[in-house]
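Enquirer: I am attaching a structure below and will ask some questions about it afterwards.
The values are calculated or read from the model by the stated rules, or taken from the named source; none is laboratory data. All values reported here derive from a predicted model rather than from experimental measurement. Glycine also receives a Cβ, built like all others from the backbone with ideal geometry; neighbour counts cover every protein chain displayed. Surface areas here come from the heavy atoms of the whole protein model, side chains and all, with no ligands, DNA or RNA. Shrake-Rupley method; radii C 1.70, N 1.55, O 1.52, S 1.80 Å.
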Amino acid sequence: MAVFTPLSDAQVAAFLEKFDVGSFVALQGVAGGTENSTFFVTTDRRELVLTLFEQGEHEELPFFVELLDYLDEHRLPVPGTIHDREGVALHSLAGKPALLFPRLPGKHPSAPNLAQCHALGTTLGQLHKVSQRFPGHRPNPRDLHWLRAVHHKVLTYISPDDQTLMKNEVDDVESEFHQHGALPQGALHGDLFRDNTLYEGDSLGGIIDFYNGCTGDLLFDLAIVINDWASNEDGSLNAERYHAILSAYQARRPLTETERTLWPTMLRMTALRYWLSRLLVVYVDPPAHDLTPHDPERFRVILKARIAWGALPIPEASS
């Protein structure tokens, strides 16, 4: 259970009195998650999600509030924060920063079908289209600068072959990006794996957990999606899912020529990003709580597949 700070019914009932959401009925801790404490809250009027922030830079929380509210105002399926009667969203509960959200409908897709992939591509394309006008700014904490700065921390824990692979990839990816101009920028989700989406059948009910959100290369976000949503077990790309996501995405935001040129490199870079970040959690900076880290091997496999086979052709935008 990913509840690191227990709450009582009385604490939550008192907290809800600040908001126009109805009277407290029930509280349930939410399993899963690795960083924050999350609860489902039922009132006599609606279903809510309450999140306590256990770690991270708390001064960055206003960025997430502003981003979610901005996307919600543009009718994207995200949980815009619930503000209290004074118009304030960010509060403190049990000594931790706390946010209240509407509970969005649906379940995580473990094996997304093509309709679900198409829905994701459409929504992400629209999100990126509007996010280019978002005025907030938070640097991407997992960009090339981060890769260059921290990859040495894991080298003593991996095989000589993997040390060479990682060092060469950092150099090669950096070289490729420096040879081309700037990519289109905007606000990103930053971690759009399948378990950060909710579906009702083929309909995308919500995109959640924006706590890796930042501003940076839009292509970075799209590559994270493809590596998770469209990779087979051997790391190779699943052509049908790949085409469903990218064709739908481009119907809302067509890729530029520079993005198309750097697409295979960005797929490698984001695979390297997750291989490295998972190795860091396993060997260097384990989670503060008793949780099982994600397996780094998955993204080592994906990275090697991207190096061996490259990317599939980018489809044209769907109508």
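Enquirer: Express the carbon and sulfur contribution to the solvent-accessible surface of the stretch 180-302 as a percent, rounded to the nearest whole number, probe 1.4 angstrom. Could the numbers behind the result be given before it?
Expert: Values: 2020 of 4380 Å².
Exposed carbon and sulfur together represent 46 percent of the surface.
Enquirer: How much length would be gained if the chain were fully extended between residue 111 and residue 168, taking 0.36 nm per residue of separation minus their Cα-Cα distance, in nm to one decimal? Numbers along the way, then the final one.
Expert: Numbers: separation 57, 0.36 × 57 = 20.52 nm, distance 3.27 nm.
The span from residue 111 to residue 168 would gain 17.2 nm if fully extended.
Enquirer: Right, another one. Stick to the Cα atoms of the chain, pair each with every other, and give me the Kirkwood hydrodynamic radius in Å at one decimal.
Expert: 20.7 Å
Enquirer: Of the residues 127, 67, 280, which exhibits the maximal mean-square fluctuation in a Gaussian network model of the chain defined by a 10 Å Cα contact cut-off?
Expert: Sorting by GNM fluctuation, first place goes to 280.
Enquirer: With axes computed from alpha carbons, what is the tilt in degrees of helix 257-279 against the longest principal axis of the chain, rounded to the nearest 10 within 0 to 90?
Expert: Roughly 70 degrees, rounded to the nearest 10.
Enquirer: Continuing with the same structure: Under a 10 Å cutoff between Cα atoms, tell me which one of 264, 109, 97 has the largest fluctuation in the Gaussian network model of the chain.
Expert: Result: 97 has the largest fluctuation of those listed.
Enquirer: Report, in degrees rounded to the nearest 10, the 0 to 90 angle that the Cα long axis of helix 297-309 makes with the longest principal axis of the chain.
Expert: Compared with the principal axis, the helix lies near 40 degrees.
Enquirer: Rounded to two decimals, what is Rg over Rh for the stretch 95-217 when you use alpha-carbon atoms and the Kirkwood radius? Before the final figure, lay out each step's value.
Expert: On the way: Rg = 18.1 Å, Rh = 17.4 Å.
Answer for the stretch 95-217: 1.04.
Enquirer: OK, next. May I ask you to work out the translational diffusion coefficient for the stretch 237-316 at 4 °C, viscosity 1.567 mPa s, via Stokes-Einstein with Rh from the Kirkwood sum over Cα pairs, reported in whole µm²/s? Mind dumping the intermediate values first?
Expert: Details: Rh = 14.4 Å.
Roughly 90 µm²/s, to the nearest whole number.
Enquirer: Helix 61-73 sits at what angle to the longest principal axis of the chain, using alpha carbons and giving 0 to 90 degrees rounded to 10?
Expert: 90 degrees
Enquirer: Grab the eigenvalues of the alpha-carbon gyration tensor for the stretch 122-193, scale each by 5, take roots, and send me the semi-axes largest first in whole angstrom. Walk me through the numbers before you get to the answer.
Expert: On the way: eigenvalues 182, 41, 27 Å².
Each semi-axis is √(5λ); the values are 30, 14, 12 Å.
Enquirer: Taking the Cα centre as origin and putting +1 on Lys and Arg beta-carbons and -1 on Asp and Glu beta-carbons, what dipole magnitude results for the chain, to the nearest 20 debye?
Expert: 380 debye
Enquirer: Could you give the accessible area per residue of the stretch 81-236, probe 1.4 Å, as a whole number in Å²? Present the calculation step by step, with values, prior to reporting the outcome.
Expert: On the way: 6700 Å² over 156 residues.
Here the per-residue accessible area is 43 Å².
Enquirer: On a straight-distance basis, which aspartates and glutamates could pair with residue 153 in a cross-link, Cα separation under 13 angstrom, same-chain partners fewer than 8 positions away excluded?
Expert: 285
Enquirer: For Cα pairs less than 8 Å apart in space and 6+ apart in sequence, what is the mean separation divided by the residue count of the chain, i.e. the relative contact order in percent? All intermediate terms of the calculation are to be shown ahead of the outcome.
Expert: On the way: 541 pairs, mean separation 54.7, N = 319.
The value is 17 percent.
Enquirer: Please give me, ordered by residue number, the GluC sites (Glu not before Pro) of the stretch 22-131 that lie in loop per DSSP and have at most 13 other Cβ atoms within 10 Å.
Expert: On the way: sites: 35, 47, 54, 57, 59, 60, 66, 73, 86; in loops: 35, 54, 57, 86.
Within the stretch 22-131, the qualifying GluC sites (Glu not before Pro) (loop, at most 13 other Cβ atoms within 10 Å) are 57, 86.
Enquirer: In addition: Given +1 on the Cβ of Lys and Arg, -1 on the Cβ of Asp and Glu, and no further charges, what dipole in debye does the stretch 169-319 carry about its Cα centre, rounded to the nearest 20?
Expert: Details: 12 positive and 23 negative charges, 44 e Å.
Magnitude of the dipole: close to 220 debye.
Enquirer: Using a 7 Å offset from the Cα along the Cα-to-Cβ direction at both residue 155 and residue 261, what is the distance between the two label points in nm, to one decimal?
Expert: The two pseudo-label positions are separated by 3.0 nm.
Enquirer: Write down the radius of gyration of the stretch 1-118 and its Dmax, each obtained from C-alpha positions, in Å.
Expert: When restricted to Cα atoms, the stretch 1-118 yields Rg and Dmax of 14.9, 45 Å.
Enquirer: Which residues in the stretch 210-246 have a backbone N closer than 18 Å to a point placed 7 Å from the Cα of residue 57 along the Cα-to-Cβ line?
Expert: The answer is 210-217.
Enquirer: On average, how much accessible surface per residue is there in the stretch 256-295, in Å², for a 1.4 Å probe, leaving out ligands, DNA and RNA?
Expert: On the way: 1840 Å² over 40 residues.
That works out to 46 Å² for each residue.
Enquirer: If you wrap a convex hull around the alpha carbons of the stretch 165-262, what volume per residue comes out, as a whole number of Å³? If you can, show how the numbers build up before the last one.
Expert: Working: hull volume 13.0 nm³, N = 98.
Taking the convex hull of the Cα positions in the stretch 165-262, it is 133 Å³ per residue.
Enquirer: 222 nm [θ] for the chain, helices only, -39500 (n - 2.57) per DSSP H run of 4+, per residue, to 500?
Expert: Details: 9 runs with 127 residues, N = 319.
Calculated from helices alone, the mean residue ellipticity at 222 nm is -13000 deg cm²/dmol.
Enquirer: Mind checking which lysines have their C-alpha under 18 Å from residue 18, skipping anything on the same chain fewer than 8 residues away?
Expert: Here the lysines satisfying the reach criterion relative to residue 18 are 96.
Enquirer: Can you tell which of 61, 87, 76 lies farthest toward the positive end of the dipole of the stretch 59-146, using +1 and -1 charges on the Cβ of basic and acidic side chains (Lys, Arg; Asp, Glu)?
Expert: Of the options given, the answer is 76.
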